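The values are calculated or read from the model by the stated rules, or taken from the named source; none is laboratory data. None of the values given here were measured: they were computed from a predicted structure. When we count neighbours, we look across all protein chains shown, and the Cβ atoms used for this are built from the backbone with ideal geometry, even at glycine. Areas reflect the complete protein model, heavy atoms only, side chains present, ligands, DNA and RNA absent. Shrake-Rupley method; radii C 1.70, N 1.55, O 1.52, S 1.80 Å.
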Amino acid sequence: AALPSFWETIEKKYDKFVNLSESVEGALLAIPGRSGHLWPHNLRHSMLNRNYAEFANDLAEIPQEFNQRFYPTDEEKLWAQKERKAIGGKIILWSLAGSAIHKTWPYLDTILARLMIETDVKVVLVGDVLCQLLEQGWEKEPRVFCKSGIWTIRESLSFARVADLVIGSETGVLNAVGMEEVEKIVMLSHSSVENLTKHWKNTQSLEPKTSCYPCHKMHYNFDYCKRDETSGVAQCQADITPDEVYSAIQKALG
């Protein structure tokens, strides 16, 4: 309730003030409890299938140029280079989960096992403390580095810039390197290519086959999100197979 007063106060300090609140969540991703969340799927898709970055630029009344990125400090850049040198070889940074129920891919163990057997790639796993549950069983594998809840978000973002490949769902880590040259694989869920990855560099966008994709909805539980009965995750993530991801990894790493 106090936000309008806050915006009104800080607006006076600048020649131009651009308010991007709800420019994605709310405007282009329907929020539960609001009418658009229950619109027919085709109507919601036709109305909300717009690129997030383009919409933000239109709000700011600036040219359609795309250079959004994470800016590490000099110390963070040096730290990332030291970590990369210490790990060595070809490195995949894997962002294990996002902030919503539909941003966890269920076949991580399958891919990690195949990578350990068939390649010499190193894999760094990142996420919050809860993501340590997804890392279980890999703690003693010397080519898998379990950093969830250990590295800060800024450390994860700094390292992502120097990895050979970054993999994950629609997470902040993938967004932060969208315009970097590093190779990327993203498992889409509630956003389409048009919404999210249209302008990203060196990105393979893996799209689910389920009929509800892209739903253009915010989800806080499974009330309106189709759940895969076998894996327990969102159907859109379960639909992206290990073979698809492995093929994308092969393409990205040559």
Could you grab me the full set of residues in segment 27-36 that are within 23 Å of the chain's Cα centre (by Cα) and either among the aromatic types (Phe, Trp, Tyr) or open to solvent by 30 Å² or more (accessible area, probe 1.4 Å) (or both)? Ala27, Ile31, Pro32
Among (1) within 12 Å of the chain's Cα centre (by Cα); (2) within 21 Å of Asn49 (Cβ to Cβ), where does Asp239 come up short? (1)
In segment 13-41, which residues are among the hydroxyl-bearing types (Ser, Thr, Tyr) and under 24 Å from Glu61 (Cα atoms)? Tyr14, Ser21, Ser23
Regarding Asn67, is this residue within 18 Å of Gly178 (Cβ to Cβ) and in contact with a Pro (Cβ under 9 Å, 6 or more places away or on another chain)? no
Pro106 vs. criteria within 23 Å of Cys225 (Cα to Cα), at pLDDT 95 or above and out of contact with any Phe, Trp or Tyr (no Cβ under 6 Å at 6 or more places or on another chain): yes
Does Arg84 satisfy the criteria of being more than 22 Å from His199 (Cα to Cα) and at pLDDT 95 or above? yes
Given the structure, is Lys77 over 22 Å from the mean Cα position of the chain (by Cα), of a type in the set (Lys, Arg) and within 30 Å of Phe145 (Cα to Cα)? no
Qualifying positions in segment 1-36 - among the small types (Gly, Ala, Ser), touching a helix residue (DSSP H, G or I) at 6+ places or on another chain (Cβ under 8 Å) and assigned to a loop (DSSP other than H, G, I, E, B): Ser21, Ser23, Ala27
